[in-house]
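Novice: Encoded as structure tokens, here's the structure I'll be asking about.
The values are calculated or read from the model by the stated rules, or taken from the named source; none is laboratory data. What you are looking at is a predicted structure, and each value in this text was computed from that prediction instead of being measured. Here the Cβ positions follow ideal geometry from the backbone for every residue, glycine too, while neighbour counts run over all protein chains shown. Keep in mind that these areas ignore ligands, DNA and RNA; they rest on the heavy atoms of the full protein, side chains included. Shrake-Rupley method; radii C 1.70, N 1.55, O 1.52, S 1.80 Å.
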Amino acid sequence: MFSIVIPVYNHAQYLALAVQSALTSPLTSEIILVDDGSTDDSAKIIKSLARSQSCRVRDLTDGDKVNRGAHIRLNQLCRAARSEWI
């Protein structure tokens, strides 16, 4: 029913809890994350979360380590969303 979109920049310490929280809702169809050039372990954590919850968590992080800004990444995530509601 809902796509949860999460752009990430240096928020490694919050990622697992944020995804776990979103997964507890029966209304969450998918969670889409993208790293925006973080210098912490965010990209690795996103990859791990997507691997362990592959049916509901997607990682849109590309190899580009450039920080493009939240507005660019939010648009990217919204375009990739599969649910009717974001």
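Novice: Which percent of Cα-Cα pairs in the chain sits in each 5 Å bin, short to long?
Specialist: It works out to 3, 16, 28, 27, 18, 6, 1, in whole percents.
Novice: So, with +1 on the Cβ of K and R and -1 on the Cβ of D and E, and no other charges, what is the size of the charge dipole of the chain about its Cα centre, to the nearest 20 debye? Please report the intermediate quantities before stating the final value.
Specialist: Values: 10 positive and 9 negative charges, 30 e Å.
The calculated dipole for the chain is roughly 140 debye.
Novice: Quick one: what are the phi-derived ³J(HN,Hα) couplings along the range 73-83, Karplus 6.51/-1.76/1.60 with θ = phi - 60°, whole Hz, x for glycine and proline?
Specialist: 5, 4, 4, 4, 5, 5, 5, 7, 4, 9, 8
Novice: Could you give the accessible area per residue of the range 1-80, probe 1.4 Å, as a whole number in Å²? Mind dumping the intermediate values first?
Specialist: Working: 4630 Å² over 80 residues.
Accessible area per residue, the range 1-80: 58 Å².
Novice: I would also like to ask the following. Taking the Cβ-Cβ separation of residue 17 and residue 51 as r and a Förster radius of 22 Å, what is the calculated FRET efficiency to the nearest 0.05?
Specialist: Working: r = 18 Å, r/R0 = 0.80.
Rounded to the nearest 0.05, the efficiency is 0.80.
Novice: A further question follows. At 7 Å along Cα-to-Cβ for each site, give me the label-to-label distance between residue 25 and residue 79 in nm.
Specialist: 2.5
Novice: Taking springs between alpha-carbon atoms closer than 10 angstrom, which of 48, 29, 21 fluctuates most in the Gaussian network model of the chain?
Specialist: Result for the chain, Cα springs under 10 Å: 21 fluctuates most.
Novice: For the chain, with all protein chains present and a 1.4 Å probe, just round the carbon and sulfur fraction of the accessible area to a whole percent.
Specialist: Carbon-and-sulfur percentage of accessible area, whole number: 56.
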